[in-house]
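Written out below as structure tokens is the structure these notes cover.
The values are calculated or read from the model by the stated rules, or taken from the named source; none is laboratory data. The model shown is predicted, which means the values in this text are computed figures rather than measured ones. A quick note on method: Cβ atoms are made from the backbone with ideal geometry, for glycine too, and the neighbour counts reach across all protein chains shown. The area values use the complete protein model at the heavy-atom level, side chains included, leaving out ligands, DNA and RNA. Shrake-Rupley method; radii C 1.70, N 1.55, O 1.52, S 1.80 Å.
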Amino acid sequence: MNKKIFGLFFIFLLFGIGFISAECVDSDGLNYYLKGKTTNNLNNENYNDACVYRLESTNAQYYAKVGDTLYDILQSCSGDNCYVAEATCSDDEVIWNQWDVEQCPFGCNDGACLGNTSSPVKCGKLIYFCSENSPYCDRTAPEIDKYIQNSGCVEVTKHIISDFRDLDKDALAIKYNVLAVPSFIFIDENGCWASIGKAGNTKFEDIQNDINNFKCSNVCKPKFKCENGYIPVCKLINGECSCESCPGIPDDMNSCLNNPNNYWDQETNSCHAGFSKDIIKYTCSDNDGGRNYFEGAHTFGFRSYSSSSEPSKDLRIRTGGKDSCYNGILTEHYCDENGFIQTESFTCPNGCGDKDACLKGEQISEKITCKFENTEQEQKCYLAGQFGPEDEGTKFCIANAESGFSCSVTYSAPKGEKTTWKSSCGGYMYTTQDGTDEMIYWTGCKSGESDIGEVNNKGFRYAYWQCYDGYENKAGDGVSCYPSENFAAKAKEDCQNHCYSDGSKCGVNSFAVNVECYSDEISSNEIFSETGVVIKPSEQVLTSESIICKDSCPLDNKCYPFGYRKSGEYCSDNGAFVEQLNSDSTCDNNFECSSNVCVSGKCIDEGFLNKIINWFKKLFG
């Protein structure tokens with residue numbers, strides 16, 4: 001073979017497709033109640049799940065082998081010697097398939113266990129909450145699949161979110177007080193509901209028994225805690241959760257509002273201490289996700305204006321508004337960007353569907369192109385609501401330099417629906433589903449050196465700061481969303497005794513916030529100090545002398561962009577310079593590696609690269 005052609009072929013193998021390894025795909029995962037198969041994508045070899053029986057001989061023709069036990073295939077079986085052989089992927093690149101054999105107590109047919117044929121006594125709805133990143137969901141998935149086959153008059157819904165840490169932002173999880181996954185919520189025919197099962201250890205029999213023995217309780221969980229740790233008693237009254245007031249707090253609205261530090265919550269009919277403008281943004285709730293004309297909800301929040309004769313009291317009422325539809329006109333309640341409850345009248349293009357929402361029209365599709373301006377880093381454009389990696393191109397898209405910082409989403413929705421769009425730059429854009437492709441522009445993507453006004457009243461996922469003596473620290477986990485003011489307050493506390501060597505200046509020298517998030521995503525308006533004390537900003541904590549960076553890294557009184565390499569470190573997306581990675585470390589980008597080369601998710605050794613370069617010098621020399 002010509003050396004140059006061979007050399008180019010080698011480069012293609014190394015940098016185009018990465019290192020060769022067996023790629024195994026399991027179509028159904030570890031699921032005894034669903035027939036699937038494993039496939040080796042390199043040679044298209046398949047192994048199918050099958051009904052099997054145990055062979056007495058250890059020297060016979062067999063279909064599956066586990067240890068020294070042999071199993072042969074059947075179309076169907078029942079009784080004690082009836083199993084399913086579940087094909088699964090192995091970590092071994094040579095023997096890539098392995099078998100997991102499980103007994104089928106109610107028989108097996110066509111590669112899947114059968115469930116119990118008895119139907120549940122109780123009827124109603126069962127909601128199964130799980131997430132894509134919870135290992136416990138792998139345990140309970142086969143159990144819920146088994147129950148679905150035998151659910152009878154129980155309607156089963158799988159509610160799977162991407163990340164279990166987002167439960168506090170998920171409308172359905174909030175509605176049913178789901179705090180962890182997996183969770184099973186049963187709702188009887190009277191609308192009474194409760195959590196059932198045994199969390200991550202829930203079996204098919206637990207679901208069935210708990211539903212059959214379900215008894216309605218009128219007790220519900222409180223949505224607030226008293227300052228002294230007392231947990232108030234709450235009860236369901238006409239389908240709404242009503243809670244007693246905290247000890248020492250008035251239990252009627254008029255007495256409550258006579259104290260200017262209190263506010264009244266109409267959702268729980270209770271009085272709370274500690275009213276301030278800071279809580280407005282974080283206490284508005286709308287279970288249909290905002291301006292959703294095709295789903296009804298009861299929204300709660302503070303008003304931004306008052307026509308009352310006592311506005312100071314009226315504006316301290318966390319009031320409620322329930323969506324309603326009459327004669328084709330929808331009254332829609334929603335939370336605005338500042339957290340105030342607002343009302344909008346909307347003419348339903350297809351009339352009222354029920355008493356609190358518009359009737360959905362025909363499902364139509366259109367392409368939304370998101371164009372990002374004033375940016376040099378990767379950005380995301382996405383729908384307000386929940387989505388996972390599998391939704392790229394239909395619910396979100398990613399724009400980068402290769403795409404000209406432009407990306408598209410092909411989105412299907414009922415005709416006339418108004419859609420809210422968000423982006424990694426912040427801000428909101430709106431489109432109306434009419435079948436016509438649209439372009440939306442995001443212009444607020446500035447990064448680098450900023451001023452206080454550009455980061456105040458906004459949420460971020462990371463913060464990093466340096467004090468005048470060189471001490472540095474950071475906050476944020478990449479998931480939770482906090483106001484920049486709270487990060488700044490933590491930085492001020494952290495740097496209060498860190499000064500120049502001559503004592504001329506003390507405090508925060510440079511401060512960076514990264515990965516902007518939305519007010520409706522904010523996890524809390526509180527951040528805890530190292531000693532466990534709650535930090536709440538009460539005044540401007542950053543001075544004009546502080547270097548403030550947005551979506552960049554502060555160093556030597558400058559703001560450097562993500563990926564910038566300097567002295568063996570690179571600017572990371574958490575706003576701090578971190579050390580470059582050694583060979584064989586996991587990576588996503590070239591700049592993360594000390595060799596500046598990331599191939600197939602691994603940093604390549606510099607010595608190996610030098611050998612490749614020298615080989616090519618000899619080849620073409």
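Straight-line reach from LYS550: taking Cα to Cα under 18 Å and skipping same-chain neighbours fewer than 8 places apart, the aspartates and glutamates in range are GLU373, GLU376, GLU378, GLU449, ASP451, GLU454, GLU472, ASP477, GLU485, GLU516, ASP573. Distance between the modelled labels on TYR326 and HIS298, one decimal in nanometres: 1.9 nm (7 Å Cα→Cβ projection). What shape does segment 307-433 take by its C-alpha gyration tensor, where a ≥ b ≥ c are the square roots of the eigenvalues and a/c under 1.5 counts as rounded, a/b above b/c as prolate, and the rest as oblate? Oblate, since a/c reaches 1.5 and b/c is not below a/b. Between ASN40 and ASP588, the C-beta separation translates, for a Förster distance of 25 Å, into a calculated FRET efficiency of about 0.40. Only protein atoms count toward the accessible area here, which uses a 1.4 Å probe; on segment 337-486, the carbon and sulfur part of that area reaches 44 percent. For segment 138-202, the set of GluC sites (Glu not before Pro) satisfying both a DSSP loop assignment and a count of at most 12 other C-beta atoms within 10 Å is given as GLU189. Overall, segment 314-406 carries a charge dipole of about 320 debye about its Cα centre when +1 sits on the Cβ of Lys and Arg and -1 on the Cβ of Asp and Glu, all other atoms neutral. In this structure, the residue pairs whose Cα-Cα separation is over 21 Å, taken from LYS281/LYS422; LYS322/LYS418; LYS125/LYS322, are LYS125/LYS322. Taking the accessible area of segment 242-282, probe 1.4 Å, and keeping the other protein chains in place, the carbon and sulfur fraction comes to 43%. Sorting 164-172, 57-65 by average packing, meaning the other beta carbons within 10 Å per residue, from highest down gives 164-172, 57-65.
Excluding ligands, DNA and RNA, the accessible surface per residue across segment 322-421 is 51 Å² with a 1.4 Å probe. Of the residues THR299, PRO311, PHE340, the one whose Cα sits farthest towards the positive end of the charge dipole of segment 288-349 is PRO311 (charges of +1 on Lys and Arg Cβ, -1 on Asp and Glu Cβ, taken about the Cα centre).
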